[in-house]
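Q: I am attaching a structure below and will ask some questions about it afterwards.
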Amino acid sequence: MTSTTIRQRLVTALRAVRGSRWSRRAGIGAMIGLISIAGVIVGTMMFAHATVNVGPFRAEMSISPSVLGGTEVDLPPLGSLHLDSHDGPIHLKVNLGSLDQSRTEALIDDPAALSSAGENAVTDVRNGVIRLGVRTLGIAVLSTLVLSTLIFRNVRRIAASGMTALVVTGASLGLAAGTLRPDSIAEPRYEGLLVNAPAVVGDARRIADNYGRYSEQLQQIVSNVSRLYTTVSSLPVYEPAGNTTRILHVSDLHLNPSAYGLIRTVVQTFEIDAVIDTGDLVDWGSSAETGYASSIPSVGVPYIWVRGNHDSASIQAAVARQRNAIVLDNKTTTVDGLTIAGIGDPEFTPDKSETPAAGDADADPAQTPLLRAGNQLADTIRASDKPVDIALVHDPAMAPPLSGVVPLVLSGHRHQREVSLLPAPAPDADASASPAPSAGAATPAAATRLMVEGSTGGAGLRGLEKEEPTPLSLSVLYFDENRQLKAYDDIQLGGTGQSNIEMQRNVVGAEPEETPSPSGSPESNPSR
């Protein structure tokens, strides 16, 4: 038999197979299966979601195709819990980020409704999952029918596609229900920007260990939220107007790799107009650390910076090269209507085991490098052709010469948040020797407020040397159209390895009366 004859017989056999009824049915069946699966996936991805009211909370549930299955519970802003609750091919996602204000107010006004909301919480969640499953089943079949109608235009094939979608979706839901593992809540996987795993996972284990009290716990949660709402309603209220200028004050980042991520989040969330950094960007001031400044442009707003005692000349030059950075070293600048003056720390002491060399014991204490720098900045402010609203220094020990010269002084260095009023200038000063007040000086009667920021970088790696990590601190300052400070928000996050988050609103004039610093020269802490 020649090769030509063999080839002809093979071609004939292949044509016979392609032309057989069995092969045609197999092809149509495969097409129906593919279209059914595509319809199920498209319908589920686009429309398989539902909203469930649990007391004052609005839980958003959704189902999506998945190989591994499981459940994801989003807990904004803490992160999310991932539970190995069931096998695939569907994945359940629950978002607990919404709180309905009207229902919260109704619960506050009706104690009986508060108790009922907690008792019904478990039932509400269970009914929501069942309703989502039924919705998913209907949506999957409907989307498959629409898709198969566009392709087949044959009633029998359209019906077969719909039936296939019904079987596939029903089997998937059945598999999830059949492989349900309630104990999986005891072993969740936590993901989030804040390291909050111990607290979140611990709560989940307690719920699993005592599942019979879940309703009671939910009732307590609802009650706590209601009390929180009542408390917040009584806090000092400050609503920033449209012409409010928002300034974010940060300090002492100390090379913390997460600091700029936190700053970006606050800038976006609070609609910040500019960032003020009062120094200590790095730890040692070495050339190897200059790359840390390259994150400054990611902030997206003007970044005003003064040098700290850990920042060398090369670090200052690296900051100045950033396109949105403004370095102040005995200079002034204007941003969003606010005139800001600043000067760098005159001391470079990156080695904490050493302090600046002591001068002559008989030397005038007013001529220390820190106070001399403060006096230089005060002279620059007095010589300014426009009133200066904010003065920037790194060490609070530089601030006393600025008393009565500027309304607000921002500093850092101490790694601890402090707000006080600077003592008024000494009354026995030689008034005849003082220059006449210029446009840049504060009115004599105005008290100068000193705001010392904590460490936005949690003191870097050195923040771990103590028993309790140094918290990450930063503040949002609100200025009105007259450039006056009206309020400020103090934000504090637990240090490395911790998770607590605190924010306190302070309305200027409504907060407790501030007291001046006990001495005219706030003590500098050389160990920072």
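Q: Under a point-charge model restricted to the Cβ atoms of Lys and Arg (+1) and Asp and Glu (-1), what is the dipole moment magnitude of the range 239-286 relative to its Cα centre, in debye to the nearest 20?
A: Charge dipole, the range 239-286, about its Cα centre: 120 debye, nearest 20.
Q: Here's a follow-up. Once amide H atoms are built 1.01 Å from N in the peptide plane, which residues 5 or more positions from S85, or in another chain, come under 5 Å H to H?
A: Those lying under 5 Å, H to H, from S85 are G70, T71.
Q: How much FRET efficiency would the formula 1/(1 + (r/R0)^6) give for Q484 and A320, where r is the Cβ-Cβ distance and R0 is 22 Å, rounded to 0.05?
A: Taking R0 as 22 Å, the efficiency between Q484 and A320 is 0.15.
Q: Could you derive backbone 3J(HN,Hα) for the range 127-135 from the dihedral phi with the Karplus parameters 6.51, -1.76 and 1.60 (θ = phi - 60°), listing whole Hz in sequence and x where the residue is Gly or Pro?
A: 5, x, 5, 5, 5, 5, x, 5, 4
Q: Moving to a separate point now. Which distance in nm do the two modelled labels at M163 and V508 give, with both placed 7 Å along the Cα-to-Cβ direction?
A: If labels sit at M163 and V508, their model points lie 7.6 nm apart.
Q: Could you pull out every residue, at least 5 positions away or on a different chain, whose amide H is within less than 5 Å of the one on V406? Hs are placed 1.01 Å off N in the peptide plane, and Pro or chain starts have none.
A: So V406 has HN proximity to A442.
Q: With each pseudo-label sitting 7 Å past Cα toward Cβ, what's the R25-A383 distance in nm, one decimal?
A: 9.9 nm
Q: Would you please give the residues with an amide H less than 5 Å from that of W284, counting only those at least 5 places away or on a separate chain, with H modeled from the backbone geometry?
A: HN-HN under 5 Å from W284: empty list.
Q: Round to the nearest 0.05 the FRET efficiency obtained for I130 and R372 when R0 = 60 Å and r is the Cβ-Cβ distance.
A: Calculated transfer efficiency: 0.20.
Q: If packing is taken as the average number of other Cβ atoms within 10 Å across a peptide's residues, how do 38-45, 470-477 rank, most packed first?
A: Most protected by this proxy first, the peptides run 470-477, 38-45.
Just so you know, all these numbers are worked out from the coordinates, no wet-lab data involved. Source: prediction; values computed, not measured. FYI the Cβ positions are ideal-geometry reconstructions off the backbone, even for glycines, and counts take in every protein chain you see.
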